[in-house]
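Take a look at the structure below.
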Amino acid sequence: MLSGILNSLAALMPAAEAGGDLLHPPKGAMLMLAVPVLTLVGVLACTICAVARVRTKLPAWISVACLAGAFGCVLATFLGYEGPRHAVGFEWIHLQWGGETPRGGGQVPIRALHANFGLYVDTLTLLWMLFVTGLATLIALYASEYMAGDVRTAGYSRFFVAFNLFVFSMSCLVMADNLLLLYLGWEGVGLCSYLLIGYFYKKPSAVAAAKKAFIVNRIGDLGLALGIMLIFVKFGTVEYATLLADSKFQGFLAAATAGDFASIPWDIQLIPALLMIGAFGKSAQFPLYVWLPDAMEGPTPVSALIHAATMVTAGVFLIARTFWVFQVSEYALPIVAWIGAITALLAATIGMAQFDIKRIMAYSTVSQLGYMFAGLGVMTSVGAAFHVFTHAFFKALLFLACGAVMHGFAGQLDLRKLSGVQKMPGWRIVGVTMLVGCLNLAGFPLLAGFWSKDMILAQAFAEPGYSAVGWVLLLTAGLTAYYTFRVYFRVFVGPQHFEPGDEVHGHDDAHGHGDHGHAHAEPAHDGHGHGDHAGHAHGSGGGQHGFHPHPPGWAINLVLVVLAIGAFAIIPLNFIGEHAGHGGWAADMVHHSTAGPLPAGAGHAAEGHGGGHAEHGTFLGMDPHKVMYYVSGVVGIVGIGIAFVLHLAGRTEAARSRADGLLPALGPIPGWAQHKWYVDEFYDFLIRTPLWVAAHLFHLVDKLIVDGLVNLFGFIPRALGKAIRPSQSGVLHGYALAMAGGVAFLLLIVLMAAL
Amino acid sequence: MMHLLAQANPPAPMHAVTLGHYLFVSAAMFAIGLIGFVSRRNLIIMFLCTELMFQAAGIALIAFSRFHLNHTGETFVIFVLTVAAAEAAMALALVVLLFRRRESLSGEEWASMKG
């Protein structure tokens, strides 16, 4: 192993002496190796807690400590960042074959597969790792309180084992210096996602959701695996640096830049298509998005970390990391752009018609991921990465706020059964932070989400030929603002009312909050029509078993506040650095990585701002980079305004709002949207039903033909035995007679023959 | 067959006892034993019949032994007699045990190995 490190060090030496560039980073950034190590320590420690039957919050504190340590390492590396660095943990896979001379003459070429456990640390890696480890730390802290109900079971340790394993896998995925290690992390996060969605493994719907997530992801993973294999077959390497610096690859890239796609072989153009399928699966893009909304069956911290903020951005990361590879195909990026736009619109329309607030947030995640893909597709990897970064903050915030509501109201997530939560005692922080998250998601002017979304929108109009994508995204922006504030106006403000969910048991004992013993004079009621007693401290609660909502404790509130402050704190980042106003810090981070513009010589700027395009699209005749701020701001505010009119103004009860009056005018469309446009049913019909029928047919063949043949061979001796069994009388004389008769008979034959 | 019988001996006097006589006795004894074994039901009688068949074979062996002037057959018969003595003791003991079980000596009582 040591020699391997020395070898790779020697291989890197020339580059190191030359000062190093993007593709030949010098060695260093050893601190980043501490991230996977620390998270693995977390996994081991929590496993020991599980084995030793620790029934305290110890696993949570271990996890928070390990993840905070990992975040500290990333932060230290970021602050001391001087340029791309390469850190080799150990020699992982070193295979070599070929070289022998066959009898026919000639020589089999020597081929080798090298994949180290090596980290490639550039600004893109750091951008991702900063929010992955930072959010993981905060959400682990949040989970320490959120999962407290399970602290007396083995589940608490199990949760944190999977949680740490997830961060380990994610760090492998993001920091890998080769596609094989990325694939390891890719599968690792998929596994952890499966384990955590199925955390409540006694609940059939959670198990089904876990299986669905795993299987749908498998379809995408197949694409990624094939893509990696094709890269290896074509270029003989899986390492980014070797691949991107490969002279053959540079040749293709130059041809693509010159617009000469016909000279690039089809199998090279197939590579981005295969990688894309992997990205669509992991990042929940149409048509593989169906697993993500169901993934909300997992505990809310998991939804926030894995299924909103970090793991689902892995697809965006993959495309950003291999952005140059995507440019050798004529169709790859347009497909990414259109799939992103379609997903954004589709998910937004579904989100508008849902009632489960966590599910609405899930669809908004799918929709925002669509934005990111559209951003990649229209060549603004900066916009996509910036949106990933801001989205990570406000989406984690939104999910954690929804989780706090769910936690406090015994699993209630139906926005028709909750209202005015913000005014209830102890819920102010949740309400205010939720408002911050909603404003960001809706793209309210001057907030972080506004700037990042705006970059994608502007670039969609600026890039020639993509204005249709731009219009779809603009429409989606309006819809997003509407459905986001539909949640806020229905659940957090308005008349106070609540009905607890079905998880009433146990919670009161587990938390012991102050206001027990409070007499509940309200009679049990049907939940409708009593909701307008504004001013009642507890609204007209469901009254079953004297249920009281319990407001979140310090850990949840602290995390919410930190995230809300973070969502504001990242705004100035847009206005620093060499790209101030156009992504700022995040743009600088992306520009100095492999997701940035093509290297000098290729003569093509990946960014629209670079002026590489001869033609420049417009928005209704105006420069999109200048007017889009106002347009998207207005669209966002209009969406919020519509939500205000329909869901808050004049609303007197929780279950009904003015929007209900509009539904008949829309005919069956809201029903279709509520049923998710029947996509699941369509997949069921298209894939599951034929498989089911085929399985039953094969079962019949197996039963009748295969088993039948075997059973026939078993049946013949048995029937024969049954036929001649009566000859065995059991009487001694019978046997003796038969024997004597037989001897006599044989004797007769012998004598006859002799004569 | 006559040629075979005449082969080893000088011209025999008339009415002399020849190999054929011995073999006839042996065959007759064997047939009697076989018929007795098949037709009688008494276990002791059946056992005696088997002894009869046994000794019939022994007579044939000795007759051929004498005929070929070879002592192997006689030696063999001595061994057979020894074994037969032991076997008779055991068989009679078994018969006694079987009788105790069913209070009957009939061989037909024992037919539980029916297929």
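The values are calculated or read from the model by the stated rules, or taken from the named source; none is laboratory data. Note that this is a predicted model, so its numbers are computed, not measured. Every residue, glycine as well, gets a Cβ built from its backbone with ideal geometry; the counts of neighbours run over all protein chains shown. With ligands, DNA and RNA removed, areas are computed over all heavy atoms of the protein, side chains included. Shrake-Rupley method; radii C 1.70, N 1.55, O 1.52, S 1.80 Å.
Dividing the summed -39500 (n - 2.57) terms of all DSSP H runs of n ≥ 4 by the residue count of chain B sets its mean residue ellipticity at 222 nm at -25000 deg cm²/dmol.
Using R0 = 56 Å, the C-beta based FRET efficiency linking B:Leu97 and B:Thr72 works out to 0.90. For the set A:Lys282/A:Lys453; A:Lys202/A:Lys423; A:Lys57/A:Lys676, the pairs lying more than 28 angstrom apart at their alpha carbons are A:Lys202/A:Lys423; A:Lys57/A:Lys676. For A:Arg53 and A:Leu475, the FRET efficiency from 1/(1 + (r/R0)^6), where r spans their Cβ atoms and R0 equals 51 Å, is about 0.40.
Taken about its Cα centre, the protein assembly as shown carries a charge dipole of about 2240 debye when Lys and Arg each add +1 at the Cβ and Asp and Glu each add -1 at the Cβ.
Under a Gaussian network description of chain B, with springs only between Cα atoms under 10 Å, the residue in B:Val83, B:Val17, B:Val38 that fluctuates furthest is B:Val17.
Packing here is the average count of other Cβ atoms within 10 Å per residue, and on that basis the peptides A:294-304, A:89-99, highest first, run A:294-304, A:89-99. Bridgeable lysines around A:Lys248 (alpha carbons under 16 Å apart, same-chain partners fewer than 8 residues away excluded): A:Lys234.
Annotation: amide H-H contacts under 5 Å for A:Asn116 (H modelled 1.01 Å from N, sequence separation of 5 or more, or interchain): A:Trp92, A:Ile93.
Ranked by the mean number of other Cβ atoms within 10 Å of their residues, highest first, the peptides A:123-129, B:108-114 come out as A:123-129, B:108-114. Close amide H contacts of A:Ser419 (hydrogens built in the peptide plane, cut-off under 5 Å, sequence separation of 5 or more or a different chain): A:His497. Rounded, prolate or oblate: which fits segment B:19-112 when a ≥ b ≥ c are the square roots of the eigenvalues of the alpha-carbon gyration tensor, with rounded for a/c under 1.5 and prolate only if a/b beats b/c? Oblate is the answer for segment B:19-112, as a/c is 1.5 or above yet b/c matches or exceeds a/b.
Just add up the charged neighbours of A:Ile357: K/R +1, D/E -1, any other residue whose Cβ is under 15 Å from the Cβ of A:Ile357. Once positives and negatives cancel, what remains is +3.
Overall, the anisotropy analysis places segment A:635-726 in the prolate class: the square-rooted eigenvalues a ≥ b ≥ c of its C-alpha gyration tensor yield a/c not less than 1.5, with a/b exceeding b/c. Candidate cross-link partners of A:Lys722 among the lysines, defined by an alpha-carbon separation under 30 Å and a same-chain spacing of 8 or more, comprise A:Lys703, B:Lys114.
Averaged over the residues of A:726-732, the number of partner chain Cβ atoms lying within 10 Å of the residue Cβ comes to 5. With a 10 Å cut-off around each Cβ of B:24-33, the average count of Cβ atoms from other chains is 0.
Taken along the Cα-to-beta-carbon direction at a fixed 7 Å, the label points for A:Tyr678 and A:Val108 span 5.6 nm. With a 1.4 angstrom probe, the accessible area lost at the B-A interface totals about 900 Å².
In this structure, A:Ile669 and A:Phe644 have a Cβ-Cβ separation that, at R0 = 25 Å, corresponds to a calculated FRET efficiency of about 0.65.
Surface composition of segment B:19-112: carbon plus sulfur atoms hold 74% of the accessible area, using a 1.4 angstrom probe and ignoring ligands, DNA and RNA. For segment A:419-435, backbone phi angles converted through the Karplus equation (6.51, -1.76, 1.60; θ = phi - 60°) give residue-by-residue couplings of 7, x, 4, 4, 7, 6, x, x, 10, 4, 4, 4, x, 5, 5, 4, 4 Hz, Gly and Pro being listed as x. Subtracting the Cα-Cα distance of A:Val706 and A:Ala719 from their residue separation scaled by 0.36 nm leaves 2.6 nm. Of the accessible area of segment A:323-450, with the probe set at 1.4 angstrom, what percent is carbon plus sulfur? Its accessible area is 71 percent carbon and sulfur atoms. Taken per residue, the accessible surface of the protein assembly as shown reaches 45 Å², heavy atoms only and a 1.4 Å probe. Listed peptides A:27-33, A:386-392 appear in the order A:386-392, A:27-33 once ranked by packing, highest mean of other Cβ atoms within 10 Å at the front. 3J(HN,Hα) along segment A:259-272: x, 9, 6, 5, 7, 8, x, 5, 6, 6, 6, 6, 4, x Hz, from the Karplus curve 6.51 cos²θ - 1.76 cosθ + 1.60 with θ = phi - 60°, whole Hz, x for Gly and Pro. Once both axes come from the Cα atoms, what is the angle between helix A:247-257 and the longest principal axis of chain A, in degrees from 0 to 90, rounded to 10? That works out to roughly 50 degrees. Between the amide H of A:Ala176 and those of A:Tyr120, distances stay under 5 Å, these residues lying 5 or more places away or on another chain, with hydrogens modeled in the peptide plane. What's the local net charge at A:Cys438, with K and R +1, D and E -1, over the other residues with C-beta under 12 Å away? Cβ neighbours under 12 Å give a net charge of +3. Counting only alpha carbon atoms, the long axis of helix A:357-377 and the longest principal axis of chain A meet at about 80°. Let me know the shape class of segment A:284-326, please: from the alpha-carbon gyration tensor, a ≥ b ≥ c as square roots of the eigenvalues, rounded when a/c is under 1.5, otherwise prolate if a/b is greater than b/c, or oblate. Judged from the Cα gyration tensor, segment A:284-326 comes out oblate (a/c at least 1.5, b/c at or above a/b). Report summary: the helix-based calculation at 222 nm, which adds -39500 (n - 2.57) for every DSSP H run with n ≥ 4 and divides by the residues of chain A, gives -19500 deg cm²/dmol. Modelled spin labels at A:Leu748 and B:Ile45, positioned 7 Å past Cα toward Cβ, are 2.7 nm from each other. Across segment A:345-351, computed HN-Hα scalar couplings (Karplus, 6.51 cos²θ - 1.76 cosθ + 1.60, θ = phi - 60°) run 5, 4, 5, 5, 5, 5, x Hz from first to last residue, x flagging Gly and Pro.
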